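See structure below.
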Amino acid sequence: MKCPDRKQVILLAITAAVGAGFAMFGYLPIAHQKMVLRESMRRNALTLEQIRVQGRQLPDLEKKVEALEQKAVEFDEKAPRERQFAQLWQTITQIMNEHQLSNQLVQPGVEVRGEPVSRMELTLQCTGSFENVFELFRCLEQMDRLIRIESVKLNNDAEFSGQLNVQACASVYFQTIDNKIG
């Protein structure tokens, strides 16, 4: 068998070195980039799927936002920025008069400051029939002002004539900072 000559050995060594250099400096970085790109594509596919899922939820969220905006507008209307208590006391007294309630008392109490809503405690007293008292509370509920009845005490009169003495504690709300929607 014939021994390769020195030129052939050098040529084979150079060819092997070029092949190793190509593998080390060409193929391995490309293979690494390919792996990084595949991982990036996998993460992008997950992100895209999350976007699709969240995109399907958008119509429901838009409906909820619209409903909440409407409630916020209603709240702004029922809890005004100004206290407007004098007008409120007159309105309550007028309602009591319309329902033939006697021995009327509408008395403000302690103002409790809060952010963004404050409240004024209110004491209501009157005398009348059960139907008229019930109508008073129905009218208070339907007012364009946010009033929360905290407690109600009903006492029958001493003669049992069907007249009730009513003592109620309520809270009237108003806004203390400018947080108007729209």
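The values are calculated or read from the model by the stated rules, or taken from the named source; none is laboratory data. Keep in mind that this is a model prediction, so the values were computed, not measured. So basically every Cβ, Gly included, is an ideal-geometry build from the backbone, and we count neighbours across all protein chains shown.
Take residues that are within 30 Å of ALA67 (Cβ to Cβ) and modelled with pLDDT of 85 or more and tell me which of the strands (runs of 3 or more DSSP E) falling wholly in the range 80-182 contain 2 or more.
By residue number, 117-129, 147-156, 163-175.
Are any of the residues in the range 36-56 closer than 30 Å to GLU135 by Cα, free of Cβ contacts under 8 Å to residues at least 60 places away in the same chain and surrounded by fewer than 10 Cβ atoms within 10 Å (Cβ to Cβ)?
no
Name the residue that is surrounded by the fewest Cβ atoms within 10 Å (Cβ to Cβ), counting only residues in the range 111-156 that are in contact (Cβ under 8 Å) with a residue 60 or more places away in the chain and touching a strand residue (DSSP E or B) at 6+ places or on another chain (Cβ under 7 Å).
PRO116
Answer yes if at least one residue in the range 59-71 is closer than 30 Å to ALA168 by Cβ and touching a residue at least 12 places away in the same chain (Cβ under 8 Å), and no otherwise.
No: the range 59-71 contains no residue that is closer than 30 Å to ALA168 by Cβ and touching a residue at least 12 places away in the same chain (Cβ under 8 Å).
Only one residue in LYS63, LYS7 is surrounded by 10 or more Cβ atoms within 10 Å (Cβ to Cβ), assigned to a helix (DSSP H, G or I) and of a type in the set (Lys, Arg). Which one?
Step by step, each of LYS63, LYS7 is checked, and only LYS63 is surrounded by 10 or more Cβ atoms within 10 Å (Cβ to Cβ), assigned to a helix (DSSP H, G or I) and of a type in the set (Lys, Arg).
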